[in-house]
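Notes follow once the structure below has been shown.
The values are calculated or read from the model by the stated rules, or taken from the named source; none is laboratory data. Keep in mind it's a predicted model, so treat the numbers as computed, not measured. We place every Cβ from the backbone using ideal geometry, glycine too, and count neighbours over all the protein chains shown.
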């Protein structure tokens, strides 16, 4: 199945929660009652109150100027406008260093593995760094992904300094002419302050290992967590400065509107999306495809 078809299938819950719920409004006159109901539907789809209000205000303003022909088209245009921007990962240096963060249970290690597979399929040599040194299972899981994707693998003993693992991974990648380094990190939010200090240290050490590294700091978010995920993003972004979001489990969520909330509130692009369990189900986020799949009839 082509990725667009998987994306369309994966967005079925969001489509039912947002577009289908709003479909009864599309044939109604555009008045204040209609717009208020649309705003409520957007909020329930986890677009977020601020973004929902902004979308409705924009449609209201366009309507007053006579530039809205129908509500469905106007809504589609407003959503596209808000998710359009930088997407996908643009490699800048070699090795290209990616630091991946996120709480436990969001699919972080699996996303790293799928990203390694994506680069491997492009003919690139990948180095994976086991920076979550406090969970033996995380190290073992990442090593399995390294074997699957023929990636070089750098690990230290259980409980070692994660920053040292990250440093060694970059040094190893430079020596072996590896194209991409992906650094896994711990995600223990119950020790939030300690975790954030640890992530800051890894970030600093990567910069010492290689100028301008890390080139990407990606937060893996579980789409099914909705607004809770947005709060996680705020914490991580404040601590280490994220460059983008990897949104997993989009196929299991009726709240894909979180894509808009992330863009509106954090000004961060969703760079990669996962819409299934397959090895190829992590792909660059393409705004036009996302909106088209969201509004396309089943």
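Taken as a whole, the structure places residue 280 among residues that are at pLDDT below 90 and farther than 24 Å from residue 20 by Cβ.
So that you can scan it fast, the table gives a plain yes or no per residue for (1) touching a strand residue (DSSP E or B) at 6+ places or on another chain (Cβ under 8 Å); (2) farther than 15 Å from residue 111 by Cβ:
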site: 199; (1), (2): yes, yes
site: 215; (1), (2): yes, yes
site: 229; (1), (2): yes, no
site: 240; (1), (2): yes, yes
site: 272; (1), (2): yes, no
site: 278; (1), (2): no, no
site: 288; (1), (2): no, yes
site: 292; (1), (2): no, yes
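Which one is farthest from residue 149 (Cα to Cα), of the residues in the range 178-194 that are at pLDDT below 95 and surrounded by fewer than 21 Cβ atoms within 10 Å (Cβ to Cβ)? Here the answer is 193. Answer with yes or no whether residue 98 is within 18 Å of residue 243 (Cα to Cα), in contact with a strand residue (DSSP E or B) (Cβ under 9 Å, 6 or more places away or on another chain), at pLDDT 95 or above and in a strand (DSSP E or B). In short, yes.
Report yes if some residue within the range 196-216 is closer than 28 Å to residue 11 by Cα, touching a helix residue (DSSP H, G or I) at 6+ places or on another chain (Cβ under 8 Å) and at pLDDT 90 or above; otherwise report no. No, the range 196-216 has no match at all. Just one of (1) surrounded by fewer than 18 Cβ atoms within 10 Å (Cβ to Cβ); (2) closer than 22 Å to residue 52 by Cα; (3) touching a residue at least 12 places away in the same chain (Cβ under 8 Å); (4) more than 15 Å from the chain's Cα centre (by Cα) fails for residue 93. It is (2).
Just checking, which of 157, 147, 141 is surrounded by fewer than 23 Cβ atoms within 10 Å (Cβ to Cβ) and under 21 Å from residue 246 (Cα atoms)? Explain how you work it out, then say what you get.
Values: 157 fails: under 21 Å from residue 246 (Cα atoms); 147 fails: under 21 Å from residue 246 (Cα atoms).
Answer to the check: 141.
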